[in-house]
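Here the structure comes first, spelled out in structure tokens, and everything after it is commentary.
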Amino acid sequence: QVQLVESGGGLVQPGGSLRLSCAASGSIFNIYSMDWYRQAPGKQRELVAGITSGGSTSYADFVKGRFTISRTGNRVYLQMNRLKVEDTAVFYCNVRDLNGNYWGQGTQVTVSS
């Protein structure tokens, strides 16, 4: 059993910052990658950023230069700066390991004045 617990979401004004955190626990082995996705109302879930076991990072074009993904052990973080109204979404952590692909429950990020 693998558990992913996200935290750090909330309400922030445009231009503000938030830091999301995701902690993976349980029977998780040999993590291949840790990613952040988001899903806005009425839209499909989309990849925001990812980090591999080797530390390589990748970002969707719409967050490049504003978001930074990092990892410490079984925790992955997403530092989000210069947030925009269109960043409003539920953000999900995804982890892939030797045995499968796991999702967290999501954390709401609302960017509004």
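Of (1) part of a loop (DSSP other than H, G, I, E, B); (2) open to solvent by 80 Å² or more (accessible area, probe 1.4 Å), residue 86 satisfies all except one. Which?
Answer for residue 86: the failing condition is (1).
Looking only at the range 20-74, which residues are part of a strand (DSSP E or B), free of Cβ contacts under 8 Å to residues at least 40 places away in the same chain and among the β-branched types (Val, Ile, Thr)?
Residues satisfying the conditions are 51, 52, 57, 68, 69, 72.
Examine the range 13-23 for a residue that is touching a Gly at 6+ places or on another chain (Cβ under 9 Å), at positive phi and open to solvent by 70 Å² or more (accessible area, probe 1.4 Å), and state whether such a residue exists.
Among the residues of the range 13-23, not one is touching a Gly at 6+ places or on another chain (Cβ under 9 Å), at positive phi and open to solvent by 70 Å² or more (accessible area, probe 1.4 Å), which makes the answer no.
Which condition breaks for residue 106 when tested against (1) within 11 Å of the chain's Cα centre (by Cα); (2) on the phi > 0 side of the Ramachandran plot; (3) open to solvent by 60 Å² or more (accessible area, probe 1.4 Å)?
Residue 106 satisfies all of (1) within 11 Å of the chain's Cα centre (by Cα); (2) on the phi > 0 side of the Ramachandran plot; (3) open to solvent by 60 Å² or more (accessible area, probe 1.4 Å) except (3).
Checking the conditions here, which among 107, 72, 52, 57 is closer than 15 Å to residue 18 by Cα and not charged (D, E, K, R)?
That would be 107, the only listed residue that is closer than 15 Å to residue 18 by Cα and not charged (D, E, K, R).
Could you please find all residues in the range 94-113 being in contact with a Phe, Trp or Tyr (Cβ under 7 Å, 6 or more places away or on another chain), over 18 Å from residue 33 (Cα atoms) and part of a loop (DSSP other than H, G, I, E, B)?
Those that are in contact with a Phe, Trp or Tyr (Cβ under 7 Å, 6 or more places away or on another chain), over 18 Å from residue 33 (Cα atoms) and part of a loop (DSSP other than H, G, I, E, B): none in the range 94-113.
The values are calculated or read from the model by the stated rules, or taken from the named source; none is laboratory data. Since the structure is predicted, the reported quantities are computational estimates derived from the model, not experimental observations. Backbone-built Cβ (ideal geometry, glycine too); neighbour counts: all protein chains shown. Calculation scope for accessible area: heavy atoms of the full protein, side chains included, ligands and nucleic acids excluded. Shrake-Rupley method; radii C 1.70, N 1.55, O 1.52, S 1.80 Å.
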